[in-house]
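Colleague: What follows is a structure written as structure tokens; I'll ask about it next.
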Amino acid sequence: GLHRFYVKQFHESSCSVASVVTVLNALKHRQETKHNSAGGYRLVNQHELLDLVSEAHWKERMSPQGYNGRRGLPLQVLGRVTKASMDVCGINCQTVETIQTTRHPEAAATSAARLKRHLEAFETDSSCVLIAHFDQGTFLPEMHIPHISPVGGYDPETGTVKILDVDAE
């Protein structure tokens with residue numbers, strides 16, 4: 001159901017906002033449909049969400065100047081902002097978890113197994129959403145910068161992950 005609520009980032013550093021809005025609106029739709037709410041619900045947009053969520057100076061981080069000169073969100077901050085967004089939008093959320101992958105041999109297998117469990121749950125549980133925080137250079141060699149986008153699908157047979165890239169460029 002994420003495709004239906006997909007939005008593009010509004011500027012080069014707002015991938016976190018577009019990603020969170022995409023998953024929030026999909027979860028809100030699911031929550032309202034599940035409870036058969038006759039009153040319906042209103043989708044949240046990116047600028048509105050930034051006005052509603054003060055966690056981690058998110059709105060300032062999306063400005064041209066950034067917050068203390070920093071733009072974008074590191075992984076741990078993305079987790080906090082996502083949880084705060086769900087709370088402010090009234091989405092019932094059991095947990096928001098961040099998984100930091102690594103190349104360190106002892107820890108890599110553990111984080112990969114956790115991530116795989118979440119990907120498998122994503123494919124079978126409509127209340128599970130995933131947002132990827134990754135090096136954009138993985139796909140575009142000239143752009144080694146952090147990037148954030150929702151996961152749109154997972155094929156357990158091939159191990160392929162579909163990313164709904166909020167950066168249309």
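Colleague: Tell me, please, whether a residue that is modelled with pLDDT under 95, surrounded by fewer than 18 Cβ atoms within 10 Å (Cβ to Cβ) and either part of a helix (DSSP H, G or I) or basic (Lys, Arg) (or both) can be found in the stretch 43-61.
Modeller: Looking through the stretch 43-61, none of the residues is modelled with pLDDT under 95, surrounded by fewer than 18 Cβ atoms within 10 Å (Cβ to Cβ) and either part of a helix (DSSP H, G or I) or basic (Lys, Arg) (or both).
Colleague: A further question on this structure: So how many residues does the stretch 89-131 have that are within 25 Å of Glu32 (Cα to Cα) and of a type outside the set (Asp, Glu)?
Modeller: The total comes to 19.
Colleague: Additional query: Testing Lys28 on (1) at pLDDT below 95; (2) in contact with a His (Cβ under 6 Å, 6 or more places away or on another chain), one condition comes back false. Which one is that?
Modeller: In the conditions (1) at pLDDT below 95; (2) in contact with a His (Cβ under 6 Å, 6 or more places away or on another chain), Lys28 misses (2) alone.
Colleague: Search the stretch 88-109 for residues that are closer than 26 Å to Asp51 by Cβ and pair each with any residue that is in a loop (DSSP other than H, G, I, E, B) when their beta-carbon atoms are under 7 Å apart and the residues are at least 6 apart or on different chains.
Modeller: Matching pairs, first to second residue: Val88/Val53; Cys89/Val44.
Colleague: Continuing with the same structure: State which residue pairs qualify: first residue within 20 Å of Leu2 (Cβ to Cβ) and assigned to a loop (DSSP other than H, G, I, E, B) and inside the stretch 29-41, second residue among the charged types (D, E, K, R) and modelled with pLDDT of 70 or more in any location, beta carbons under 6 Å apart, and separation of 6 or more residues or different chains.
Modeller: So the pair list comes out as Tyr41/Lys28; Tyr41/Glu32.
Colleague: Inside the stretch 72-169, counting only strands (runs of 3 or more DSSP E) that do not spill past its ends, which hold 3 or more residues that are surrounded by fewer than 13 Cβ atoms within 10 Å (Cβ to Cβ) and modelled with pLDDT of 95 or more?
Modeller: No strands (runs of 3 or more DSSP E) qualify here.
The values are calculated or read from the model by the stated rules, or taken from the named source; none is laboratory data. Just so it is clear, the model here is predicted, and its values are computed rather than measured. For neighbour counting, all protein chains shown are included, and Cβ atoms are generated from backbone atoms with ideal geometry for every residue, glycine included.
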